[in-house]
Structure formats: structure tokens, C-alpha cells
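Each reported figure results from applying straightforward, stated rules to the coordinates on display, with no laboratory input. Being a predicted model, the structure only gives us computed values, none of them experimental. Reconstructed Cβ throughout: ideal geometry from the backbone, glycine too, with neighbour counts over all protein chains shown.
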Amino acid sequence: MSSQKNQVSVIIEKLFRTEYGKMVSYLTNKFGFNFLENAEDIVQETLSVAFQKWTYSGIPENPEAWIFVVARNKALNLVKKESRITHMNITKLVEEYSENHTQLHLAQEIEDGMLRIMVVCCNMDLPVHSKIVFILSCLCGFSRKELSQALLVKEETVKKRLFRAKSSIRLQELNIASPKEELLSLHANVICNVLYILYNAGYNSSGNKSLIRREVCFEAMRLTKLILNQDPGNPRAHALFALMCFHSARFDSRIDKEGAIVLFKDQDRNLWSKELINAGMYHLSKASNGARLSAYHMEAAIAAEHCTSSNFESTNWDLILSQYQQLYRLKPTPIILLNLAIVQSMLGKTSHAITELVNLTKNKQLNSNYLLHATLGELYGKSGQHKRAIEALEKALALTNSKQEKALLQKKRENLLRSVQKEI
């Protein structure tokens, strides 16, 4: 039973990331934007029921179809009960997802629905940061804690932004219409920000089960590609998709056969996907058609330099430093400063890099991020300051839930402890 429960738990977690937003947007499209909060509750309840039922009766042959039909039936029962709708035929709707019915029409309806709801959310009379929080919460299933970590803001701030957005929905009359190219172009920045954060949540998972959640990354890529299908001349979306391709190309080299993290400099470049790297280069070239550079252009250019270098030693760190400096001008965030410090260390300026990182500890949100202290530990160790390195690594260990990250940090800490003992 324990094995079955674990297996179901893994599937439910995957479905939550890949199907949650699709189902919420589908139900919202069917019953109106004011139904969105009900749709969220219904989908969450359906996933909870699935976990309980599948643990005892087994996982159905098509889990996606199972939760989709159950969620839809719950929604239909609710709207009929509340007398909002009386003319819909449940049996006919369920047949839309039967094996005898082609899924092409429904799949297209779902995909259009995701993009449509995103556009509607972007049209809300709200600050941009509130729109981003709302979309990530309602369509991507992010918790307040995840949003706090992703946006480097306090959970209370996330709570306020989400409350403001949901209150605004109740006051505004928002119509669901087909996403037009001009609306997509108008709201490209917000939508791309959402998908960028979604991809990063999968690429550097903060959970304790796996470092990479590929299904989350691929869902972000699917939605970005959907934007490009609707708006093929969008340079920002091309740059974002290129960045995703470059990062995804290295998936197979980031974790070894035992599940341990492989450091970037030690990764087997033969495992990198040439197909994805080529796709990244293609979309990066398409992104150059725009009149203005975005942060995605610069991040993709940095990733391209890493992916096209024959080995770690031949990496053009001077070029990457210049690219990060330009990126910081476009996107002045503490995370970019952290990466700048790492590059400076690669160019032999480790002492300067350490000073920069120590200054970053004054940022409360970044100071609670394990990456800052893990990087400080690495650079302190590199400069021979082993005791300080150990202290920094111990702070990093306390700030991450990832088993893989903890294992890597613990290994580095043990190596440093041996070095300290030799000094004594």
C-alpha cells in the first residue's frame, strides 16, 4: 500500500502542474470568468479525490481524462444546483473525452482557453505584479510560499497582491474573447514573465523529491510555443523559448545515475541535446528581428555561449561578464548580481566577488535563499577561507529542502572539514 501511495503521490504532483491550469481555464471558459474561483476549488477537490481513490483502487489507464471528466462533472453539478445554467447535457460533454471521440477539437479548445484566460487576466485593471501573482496562482497552481521564493517578496506581500486581484475580478466585468495578435503583443511582457517563472520553478525545483521537474519545464515551453503559434513575430517570446531550449538541452547531464547533482563544469557535454541547442539558436536568431532587447535576449545569449563552448575551460568569461552587465541594466535584480559575482570569480577576482556577495546578504529575501550562501561557501573555499566557507555552507544547508542540494552541500562541507583538520 505504501508503494502504491507513493506512486499515486508522484502522479498527482505531476498532474497538478501540467493539468491544473488547463482544467481551471477550461471550466472558466465554459462558465464565465466569475466562475474562476469555483473552478480552482473544483480542480483542487478533484485532485484530492483522485489521490484517495487511486491509492485504493489503482491508477486509471488515462489519469488526465479521469480528472478532467470528474472536474467537469463537478462544475456542471454546481452550476445546475445554483441555477446558473440548466441546458447543458452532461453525457454529451463527457463523450467529448471518450476514446471514440477525437481529442483534437478538445485539445485545441483547452490550449486556446489557457492563452485566452491569460490575456483576460492581463486586461485586468491591476498593477503588473498583481497580475503575475494572480496568473501563477490560479493557472499554474503556485502556493504563496513558492510565489514568495520566485518573486523574492514576503509571503504577506503575495497574499495582499492575490487578494487585491481576486477582489478586482468581482468588481470588473471581464469578457472572455479569442486572443488576438495585438492583445498578445500588448501583454507579451506579463505573459512571458509568468512563463519564465514557471519554467524556473521546474528547472530549479525547491521541493525535496527532485531537482528538476521536467513536466513543469515542458508545460512552460508548450505555452510559450502556443504564444509563438498565435504571434509568430514576437521577439520576446522567441528569446524566451530560446532560453528554455538551451537550459532544457542540459537536463540529462545535470543529475548522475545515482541522482546526485553534477556541477556545471563537470557535466558531460556529449549528453547535451544538439537538437534543443539548434532549436535555441534558431529562435535566438528570430528574436533579433525586434527593435528592442529584453532580459530574455541577454539570458539566452549567455546560455548560448555556455552551450556552444567546446568545454568549460574554453568558455568566454569576458563576453559573459559583459552580457551579465548588460542584463543587469535591463533587469537590476540581486540574483543577477549574484551571477555577476560568480563570473568575476571565474576571471580571477574572487576577493571582489566575495565582497559583492557579502553586500547581498543585506537583502532580506536573497539572504534567505540557499544559493547566496552556497555560492559564498564555494568562493570562501576557493580563496582558502575554509572556516568561513563551512559556516556559509551550513547556512545554505538550513535553507534548502532539496535532498540533492543537501547532499552536494554536505559533501563540500565534509571536504572543507578535512582541509581544516589538515591545517591543524
State to the nearest 20 debye the size of the charge dipole of the stretch 365-424 about its Cα centre, where the only charges are +1 on K and R beta carbons and -1 on D and E beta carbons. 140 debye
Within the chain, longest stretch clear of exposed GluC sites (Glu not before Pro) (DSSP loop, no more than 16 other Cβ within 10 Å): 259-424
Please give the contour-minus-distance gain from residue 61 to residue 316: 0.36 nm per residue of separation, less the Cα-Cα distance, rounded to one decimal in nm. 86.8 nm
Listed residue pairs exceeding 22 Å between alpha carbons, taken from 145/395; 131/364; 349/387; 274/382; 331/395; 131/154: 131/364; 274/382; 331/395
Per the Kirkwood definition applied to all pairs of different Cα atoms, how many angstroms is the hydrodynamic radius of the stretch 223-288? 12.7 Å
The stretch 262-355: trypsin sites (Lys or Arg not before Pro) in DSSP loop, at most 12 other beta carbons within 10 Å: 292
Note on the stretch 340-424: alpha-carbon gyration tensor, axes a ≥ b ≥ c; rule is a/c under 1.5 for rounded, else prolate if a/b larger than b/c, else oblate; result oblate
Going by a ≥ b ≥ c, the root eigenvalues of the Cα gyration tensor, does the stretch 189-328 fall in the rounded group (a/c under 1.5), the prolate group (a/b larger than b/c) or the oblate group? oblate
How large is log10 I(q)/I(0) at q = 0.15, 0.16, 0.23, 0.25 Å⁻¹ when the Debye formula is applied to the Cα atoms of the stretch 289-341, each weighted equally and without solvent? -0.42, -0.47, -0.88, -0.99
Of 143, 351, 314, the one that fluctuates the most in a GNM where the chain has Cα springs shorter than 10 Å: 314
Charges at C-beta only: +1 for Lys and Arg, -1 for Asp and Glu. How large is the resulting dipole of the chain about its Cα centre, in Debye rounded to 20? 1140 debye
Dipole of the stretch 295-409, Cα-centred, from +1 at each Lys and Arg C-beta and -1 at each Asp and Glu C-beta, to the nearest 20 debye? 420 debye
When the Kirkwood hydrodynamic radius is evaluated over all pairs of different C-alpha atoms of the chain, what value in angstrom, to one decimal, is obtained? 23.5 Å
Once amide H atoms are placed 1.01 Å from N in the peptide plane, what residues at a sequence separation of 5 or more from residue 255, or on another chain, have their amide H within under 5 Å of its amide H? 262
Loop-located trypsin sites (Lys or Arg not before Pro) in the stretch 357-404, at most 16 other Cβ atoms within 10 Å (DSSP): 362
Starting from the Cα-Cα distance between residue 398 and residue 410, subtract it from 0.36 nm times their residue separation and give me the gain in nm to one decimal. 3.2 nm
